[in-house]
Amino acid sequence: MRLAAATILIACVALSACGQYRDFMLPQQPGGPSVSWRWEARADPVLTRGSAGEWDAVDVLNPSVIRQGDAYYNLYSGYDGKTWSTGLAVSGDGITWHKEGKLISPDRATWEGDAIAANGSALADGSGILYYYQAGQPVQIGLARSANGHQWRKQGPPVLQTGPRGSWDERGVGDPYVIRIGRGYYMFYLGQDRARRQRLGVAVSDDGVAWYKLRRNPILELGAYGAFDENGLGEPAVWASHGYYWMLYTGRDRSELRRLGLARSRNGVDWEKIPGGFAGQQAWDSKVLCDATVIANGDPVRVWFGGGDVARPDQNIHGQIGAATLSPQPAR
């Protein structure tokens, strides 16, 4: 009887886990002539750290930019030396930003704990603005909603949780980037396993709340020995253009130098890395180029990103936010 009961319990757990996974692809892109992308970044950051003692005094990173009417809204992450939170900046042109203050902080009385409620992805739909953010220990992904970008209500429990024991994302899920295609929501995210390897996966949702992970995640693996992304991947940003889905992602090497890599796919699941990538070009982003977010309404693609001049895997990198464009060029 004891063995039978255990078998039933294992079966129930397995069925529950299966309910969190699906086999899917994004709507197929047609492919087409190859293009390369020219990266052109502004010399100076467009959003800088706050004054001493403010909530974003140490690092300003992880921009998530959306268009709201005639304005750009930037839900960005700020670090005060102890806690990561999310704030809002508003701009008429995407270059000159006015900070509106801190909006979303971790709630230590819930699953979030007290260290982080940031590293998020904003998306506007018919219900208002959805903001997916990472929090907790282990790190998981939560959801907050707003009708106007200024007052926010958290969903409650995390909407994307860590995977089962032995899975590629059992020790953490974070760095969400959410896009909507037709009626479907797709979340690209980082997963960490027990060996502390950080790779990228994708999940799908019909309503933006109930998410199903791709059964054959991860979709993007670490680079080979000596590559710029051999030590970790993170912070994906995805858009469709020129017959493909394109992804900017952060790659880390063994010295914790970070730069942006580029990959492409026709179905959002099978990805091909494009050789090269983009490194910081100025003193302020000389060690770290990360955290891309894009608006792709024709060419060029507008990009906002984080940068720093200290090679560390987390914070205290003198983080600031820059702006760039990606312009397609005929491949040689």
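Results for (1) out of contact with any Asp or Glu (no Cβ under 7 Å at 6 or more places or on another chain); (2) crowded, with 17+ Cβ neighbours inside 10 Å; (3) modelled with pLDDT of 95 or more; (4) farther than 27 Å from Gln155 by Cα, shown as yes or no for each residue.
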{"site": "Gln29", "(1), (2), (3), (4)": "yes, yes, yes, yes"}
{"site": "Gly53", "(1), (2), (3), (4)": "yes, no, yes, yes"}
{"site": "Val60", "(1), (2), (3), (4)": "yes, yes, yes, no"}
{"site": "Trp84", "(1), (2), (3), (4)": "yes, yes, yes, no"}
{"site": "Val90", "(1), (2), (3), (4)": "no, no, yes, no"}
{"site": "Glu100", "(1), (2), (3), (4)": "yes, no, yes, no"}
{"site": "Asp107", "(1), (2), (3), (4)": "yes, no, yes, no"}
Exercise. Just wondering, is there one or more residues in segment 143-150 that are within 16 Å of the chain's Cα centre (by Cα) and not hydroxyl-bearing (Ser, Thr, Tyr)?
Worked result: yes
Exercise. Quick check, is Ser77 closer than 25 Å to Ile179 by Cβ, at pLDDT 95 or above and surrounded by fewer than 23 Cβ atoms within 10 Å (Cβ to Cβ)?
Worked result: no
Exercise. Since Tyr185 meets every condition but one in (1) closer than 25 Å to Trp304 by Cα; (2) part of a loop (DSSP other than H, G, I, E, B), which condition does it not meet?
Worked result: (2)
Problem set entry | Residues of segment 76-122 satisfying the condition of being without any contact (Cβ under 8 Å) to a residue 60 or more places away in the chain and either in contact with a His (Cβ under 6 Å, 6 or more places away or on another chain) or among the aliphatic types (A, V, I, L, M) (or both) | Ala89, Val90, Leu103, Ile104, Ala109, Ala115, Ile116, Ala117, Ala118, Ala122
Exercise. Looking at segment 253-260, is at least one residue surrounded by fewer than 18 Cβ atoms within 10 Å (Cβ to Cβ), at pLDDT below 95 and either of a type outside the set (A, V, I, L, M) or within 26 Å of Tyr73 (Cα to Cα) (or both)?
Worked result: no
For this session: Determine, yes or no, whether Arg165 is within 22 Å of Gln315 (Cβ to Cβ), without any contact (Cβ under 8 Å) to a residue 24 or more places away in the chain, out of contact with any Phe, Trp or Tyr (no Cβ under 6 Å at 6 or more places or on another chain) and in a loop (DSSP other than H, G, I, E, B).
Result: no
For this session: Could you tell me whether Pro45 is modelled with pLDDT of 95 or more, more than 20 Å from Ser146 (Cβ to Cβ), assigned to a loop (DSSP other than H, G, I, E, B) and in contact with a helix residue (DSSP H, G or I) (Cβ under 9 Å, 6 or more places away or on another chain)?
Result: yes
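The values are calculated or read from the model by the stated rules, or taken from the named source; none is laboratory data. Keep in mind that this is a model prediction, so the values were computed, not measured. For neighbour counting, all protein chains shown are included, and Cβ atoms are generated from backbone atoms with ideal geometry for every residue, glycine included.
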